Amino acid sequence: MPCDITQKGYEKKRSKLLAPYIPQIQGKTLGLSCCTHRLCWREYALLLIDLPTCLLGVDPSLQIENRIQTSSQAGLASSKQNKSRPNNSRDERFRSDLHTEAVQAALAKYKERKMPMPSKRRSVLVQSSVEACTPPDEGSLRRQGRLAASAPHQAHPGVEHWFNRVIQGSSTSSSASSTSSHPGGRPHAAAAASAAAMLADLMALTSIGCRNVLAPCLSYSPISANCPLPTLPPYPSAGVPVNSRVSSKIQQLLNTLKRPKRPPLREFFLDDFEELLDVQQPDPNQPKPEGVQMRPLEGEPLGVVTNWPPSLLAALQRWGTTQPKSPCLTALDNAGKVIYTLTYGKLWTRSQKLAYTLLNKLSSRNEPLLRPGDRVALVFPNNDPVMFMVAFYGCLLAELVPVPIEVPLTRKDAGSQQIGFLLGSCGVTLALTTDACQKGLPKAQTGEVVTFKGWPRLLWFVTDGKHVVKPPKEWHPPLRDATNETAYIEYKTSKEGSTMGITVSHEAMLAHCHALTQACGYTEGETITNVLDFKRDAGLWHGVLTSIMNRMHVISIPYSLMKVNPLSWIQKVHTFKARVAVVKSRDMHWSLLAQRDQRDISLSSLRMLIVADGANPWSISSCDAFLNVFQSRGLRPEVICPSASSAEAMTVAIRRPPEMGVPPPGKAVLSMSGLSHGVIRVDTEEKLSVLTVQDVGQVMPGALVCVVRVEGTPYLCHTDEVGEICVSSGSTGISYFGLPGMTKNVFETIPVTVLGAPISDRPFTRTSLLGFIGPDNLVFVVGKLDGLMVVSGRRHNADDVVATALAVEPMKFVYRGRIAVFSVSVLHDERIVVVAEQRPDASEEDSFQWMSRVLQAIDSIHQVGVYCLALVPANTLPKAPLGGIHISETKQRFLEGALHPCNVLMCPHTCVTNLPKPRQKQPEVGPASMIVGNLVAGKRIAQACGRDVTQLEDNDQARKFLYMQDVLQWRAQATPDHTLFLLLNAKGTVASSASCLQLHKRAERVAVALMEKGRLNTGDHVALVYPPGIDLIATFYGCLYAGCVPVTVRPPHPQNLATTLPTVKMIVEVSKSVCILTTQAIMKLLKSKEAMAAVDVKTWPTVLDTDDLPRKKPPQIYKPPTPEMLAYLDFSVSTTGILAGVKMSHAATSALCRSIKLQCELYPSRQIAICLDPYCGLGFALWCLCSVYSGHQSILVPPLELESNVSLWLGAVSHYKVRVTFCSYSVMEMCTKGLGSQTEALRMRNISLSCVRTCMVVAEERPRIALTQSFSKIFKDLGLSPRAVSTTFGCRVNVAICLQGTAGPDPTTVYVDMRALRHDRVRLVERGSPHSLPLMESGKILPGVKVIIANPETKGPLGDSHLGEIWVSSPHNATGYYTVYGEEALHADHFNTKLSFGDTQTVWARTGYLGFLRRTELTDASGERHDALYVVGSLDETLELRGMRYHPIDIETSVIRSHKSIAECAVFTWTNLLVVVVELEGSEQEALDLVPLVTSVVLEEHYLIVGVVVVVDPGVIPINSRGEKQRMHLRDGFLADQLDPIYVAYNM
């Protein structure tokens, strides 16, 4: 019987098999041994970085175990050769196994976790239709959204059928734990959470092949206790239609997140309600330094040499005149051939010529261009060391200060702008270059070299022979003794990417040459091979300065030659019998990979192989590997001399050549965990996380070295503590040019003992190298400050993390080993980001697999979480001048969203451990708290009211009539020819109009048709399906004349029947309409073939068209028995996808009209312009009711017409000189976006808005300040008063609560603290303070309306400036929801509710909106102090996360601000995960840039972790006619996989 091996058994068997290959580490002391050749995987891995082009085949050393299938002949050949070598040669075979072994072992700890793989758009995917969603209110102005795709919905096999049942509870709520303002309204948080948990378990267990059975979409579920309003379930008994792909991925995500995070969140307190971020307390068990305080270490004294020249220039003069034929520098071409050898005589004469020319032949306006001490840029390519050397010494002879920099290739080179900043601050006006280089620089049209971005204006001077002149006989360059004057400036790029210039004095330059000569034992006439960049660092110090001092011969190997032939430097050592070679680990590694073709090379001439980057933790592995291969070619082990240096302190330490009789080299095997706490622990146990480092030799002659704490006061470290190495000597840099503050910190540090006493009166220079002094006074370096990342108090070295990442199948996946690691600051801690270039042939699965393995490896070996892992296409990371990755530029691009990754994995859940503690709800003050007069808990009760309607005596004739139909009849008799309505078409001309009499006559005809054709009874409901226009108004009054109840319905969109028709059908069914009135065109549409695909057309009630009705009068016009009778039904789809119809009585209808008339001062002589949809809410009232009641003329502008003519509405306002106008946010946004740049053109067309006194935005949401302000700002040029724009507020229970109107104070704006708002509190702050949120008053409370703020849970009144639910009492409140079975009792609470204490008599309606009242200093018309109402947002929309209440709009605002290409954003929650959907307005390659930015901004500003980021095309987020986002509709589309997203990222 087959059985599985257990994990334990597997571990045992595996360790047995691998035992022979894993080296054992003995001893408890620092593991120092004579240069053994064991390789640490981490160090080896890093050498794969940036392989040269000739080596892009697979590294044979990696083929042994991984058996990478390669078809390249070279690969096969080399692996054959590899086999034929005897085993005892210890080739790299075991090394590669070892380094991958550590990672493999780390990965084996993890079980195979299934992490959801991000999904990318495949354009071939079939889009399915969105029929199965909450009803969209399809009046979308912009966005004929992508949701309109109408392929038949496929049934997906799987567990969704069950799944829907489990989560049905939360299908319409905005979040699984959304609290409802309506008790009994929504499943409670606990129920939803348990549903989610059930769901997680179910998804983990189920694999049953049941199929989703699709029922007709339009079933209407009767209202039950769980469901406050008619909702639109897609299937009879199911919640959200969930597509297997999305849901299973979210499920995988939930399962991944269920695993505990490593650091448990500690308890911490809440001070008042400020959310405190968890401050990471240091672990009490972490290792602490135990050694004694270190003693400063002194190098041997600088020897006194009798004939030592007084300056470097004196040495040059001496050799140039006494040994003119002696070779100084040999330059090679890209084939490795010698192109020129510069002799000391030539160098001396050419430098003099250049010096003379610079001083005497360059002038501007007869003034010499340069004076001694001026800075000059040296711009020389890496393959022309001869010209560089001549220019460098030419400047020194002329007493000018050379500033060597890289050749800028394009205007946008990585870091080039910073170099420009350096040149500008150094006051550089002249750049020296070669003829060839100058020709290659980008030119402007004038033929001059362009000015690079951020650079000062430069004069470019070519130093080739024909441009320089021979100095006259009597001219001699001044040769002074070395002084403290600046000799040259070397540039350095900091961790942040800024470029600093380090000034080196003549004295220091000379002392450094002296120290190097002594430390390296240089002798006159030696030959040295230099592979490094000769413009800076060790390449300059050894190959340009010290070499001249000792009359050495330098063979300069250009980088371009190394790329073509990595062995070139070894061949040159052999050819020229060089005694010294200066290289980097990378050069050794490259030559290893290419050495198999070369048999006849001998390295026996070398007495010193200086490894300039010996401070890199991974240099040891290349030294070991190199020695291993080349020992047989004459390389002696003791000649390898690692060195450590920094730009500020120059050479810090170097291993001496063997003839100097120094102690043997050392090695340390250190615990990574210890290092992360800054202490040195020799590791014997945990083989996985160790760092093997080699010493970098002894301190330089004449230097004093100590190790100090990195942060704070520079206290001396303990002997077993890692700190920053500091050097005091005469051979360090002296300052950062022009930066005195930074100079003081770095070049003038005074280290102190524990007691605070300075250790020396000499200042020390910080080297930015992290390390310690080991046995035998050897210096060890474990990292650099530039690569230091401090995460939660622990230190990690970027290079070590790179090594770990590279050890995960490096050659198979990472392109040329190019990986960048850096940290970014998010939410008060550093977060690690890893960016790698992936090979062009890597598949999606490969990438994802690699990424998840890298995360696990880093987590296991470094015990730190990675915040973001991004993969970019090959060759796209910014490069440093000589290969390598430009880290600061990469980081900059990452932060700006310009990295364009092709894959991203974010893991905020694992590495963000300092979030505030989830909030526990505190019990509120109960009814027992004393109410004294109008005070609650010491504050004025928050209540306010509009003017008293009964007190307002006006000559309102319409008041005599109780019913609207009576008002119309009266107007038809009194003023028959007075025009009430003008309807404009897209051209701005009047398409139709109606006077009082015409409207009355048309209404009569409709009434006759209803009675005769429709055979309707009084009280029957009639659906009016019309485009915006006068027909709609006439049929509305026709219904009232006939005693029927009208229901206005937006007509279906002909191009989008699949989405819009079901909503029409549903309203008709829910409203129990027995007849549909419409136009002939729409009637055809309702019964068309296309309609059959969307709904069952056979079940429509009677459909009558009203296009050509006979001219008949009804026998009588219906008089309702009481004004409380139902006048009309108002249906609207809420943003949460709930279809709610409210009942408006005749009394409420008249009261509404009267209230609006008084607020806006409407009279028959007035004109108002309305650009709104006429189907529900205030839009319907203004379009159909108010003109008839008040007699004013309404200019009707259908918003749809703006799509073909954006300026239609503003043109009409200007043409008719309208004082009062209404619009929606959608209209305002169209005008802002469409006309923003055309105000000048509009002015030419004489459009003026100076006539407008009030422009009101009709809204049922928090005022959108940003939009109203930009609208005001843009159209100020057309005369729009900044005070004119305001908003209104209404909701389902009362369609008009606030309206600015024509009198009263201007709307006020306050700033509240967003964090307090999450805790349901209002805290007013100053404008511009952090976390401030502007809130604008929503207009003035209408006459007859009373408002109070109540606690939605306890129903008690709240005080002034307290956040609560807005309750309203007014004669024009709706009388209730219209529901199928008339179960009004359920929702009586919304319309008839009373306070639990205080005034318990008044009957209030609950708006379902959160807001607050605040008494202002302003006075209103009646002379009272004005109470302002601020709406914060709908309770139904809020997201309850971490115990706090979030308003989606706040999160969305932050997200939109995070990147220029985000056009729109919507958020919702699903099973407690926050899902952020962003619309990308830009190229698809930017899609993945958004993921980290979105995640970070939400963390930073809202303390929330985003679960899923969905990037979609513009127009996908559905928007209703009021311009509100339909987030639930979007959520259903996402879960049913109908958005066709560009990218979906599941954050781990």
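The values are calculated or read from the model by the stated rules, or taken from the named source; none is laboratory data. What you see is a predicted model, and the numbers here were worked out from it, not measured in a lab. A quick note on method: Cβ atoms are made from the backbone with ideal geometry, for glycine too, and the neighbour counts reach across all protein chains shown. The accessibility values were calculated without ligands, DNA or RNA, using every heavy atom of the protein model including side chains. Shrake-Rupley method; radii C 1.70, N 1.55, O 1.52, S 1.80 Å.
Quick notes on this one:
- Spin-label model, Q973 to S363: label points 7 Å out along the Cα-to-beta-carbon direction sit 10.7 nm apart.
- Of all DSSP-defined beta bridges confined to segment 1251-1335, some 70% are antiparallel rather than parallel.
- Ranking by accessible area, most exposed first, for E1069, E1365 with a 1.4 Å probe: E1069, E1365
- C-alpha center-to-center spacing [segment 719-744, segment 1148-1226] in angstrom: 73 Å
- Per atom type, segment 349-419 shows carbon and sulfur on 44% of its accessible surface, probed at 1.4 Å.
- Computed label-point distance, nm, for sites D333 and E1240 using a 7 Å Cα→Cβ extension: 5.7 nm
- Rolling a 1.4 Å probe across the protein heavy atoms gives segment 1422-1548 an accessible surface of 20 Å² per residue.
- Ranked by the mean number of other Cβ atoms within 10 Å of their residues, highest first, the peptides 295-305, 1286-1296 come out as 1286-1296, 295-305.
- Size descriptor for segment 1050-1151, Kirkwood hydrodynamic radius: 15.9 Å (Cα pairs only, one decimal).
- Cα principal axis extents for segment 1249-1301, largest first, Å: 39, 22, 11
- Label-point gap, in nm, between E1424 and A898 - each point 7 angstrom along Cα→Cβ: 5.7 nm
- Ordering of 1403-1414, 974-985, 1161-1172 by burial proxy (mean other Cβ atoms within 10 Å per residue, highest first): 1403-1414, 1161-1172, 974-985
- Close amide H pairs (under 5 Å, H built 1.01 Å from N) link I339 with A331, L332, D333, residues at least 5 positions away or on another chain.
- Computed from phi, the 3J(HN,Hα) profile of segment 1182-1189 under the Karplus parametrisation 6.51, -1.76, 1.60 (θ = phi - 60°) reads 5, 6, 9, 9, 5, 4, 5, 6 Hz, with x in place of Gly and Pro.
- For E485, the accessible surface of its heavy atoms amounts to roughly 130 Å² (probe 1.4 Å, protein chains only, rounded to the nearest 10).
- A 1.4 Å probe over all protein chains sorts Y356, Y393 by accessible area into Y356, Y393, starting with the largest.
- 1.4 Å probe accessible area per residue over segment 420-536, in Å²: 43 Å²
- Computed over protein heavy atoms with a 1.4 angstrom probe, the accessible surface ordering of D1532, D1306, D1540, largest first, is D1306, D1540, D1532.
- For K1340, the accessible surface of its heavy atoms amounts to roughly 20 Å² (probe 1.4 Å, protein chains only, rounded to the nearest 10).
- R0 of 41 Å, Cβ-Cβ distance E1417-E1500: FRET efficiency to nearest 0.05: 0.70
- Built amide H within the under 5 Å cut-off of L1474, gap 5+: G1507, V1508
- The solvent-accessible area of I734, taken with every protein chain present and a 1.4 Å probe, is close to 60 Å².
- Computed on the Cα trace of segment 1469-1548, the radius of gyration divided by the Kirkwood hydrodynamic radius gives Rg/Rh = 0.95.
- Apportionment of accessible area to carbon and sulfur, segment 1101-1176, percent (1.4 Å): 53 percent
- Solvent exposure of segment 1075-1216 as accessible area per residue, Å², 1.4 Å probe: 34 Å²
- Relative packing of peptides 318-326, 779-787, 442-450, 654-662 - highest average C-beta neighbours within 10 Å first: 779-787, 654-662, 318-326, 442-450
- Taking the centroid of alpha carbons for each part, segment 1390-1405 and segment 1252-1323 are 28 Å apart.
- Once the C-beta distance of A314 and S760 is scaled by a Förster radius of 30 Å, the resulting FRET efficiency is 0.45 to the nearest 0.05.
- 3J(HN,Hα) along segment 416-421, derived from phi through the Karplus expression 6.51 cos²θ - 1.76 cosθ + 1.60 where θ = phi - 60°, amounts to 5, 5, 5, 4, x, 4 Hz, with x in place of Gly and Pro.
- Working note: Karplus 6.51/-1.76/1.60 with θ = phi - 60° gives segment 529-539 the couplings 9, 10, 9, 7, 5, 6, 8, 7, 6, 4, x Hz, where Gly and Pro are set to x.
- Rounded percent of accessible protein surface that carbon and sulfur make up, segment 1417-1519, 1.4 Å probe: 48 percent
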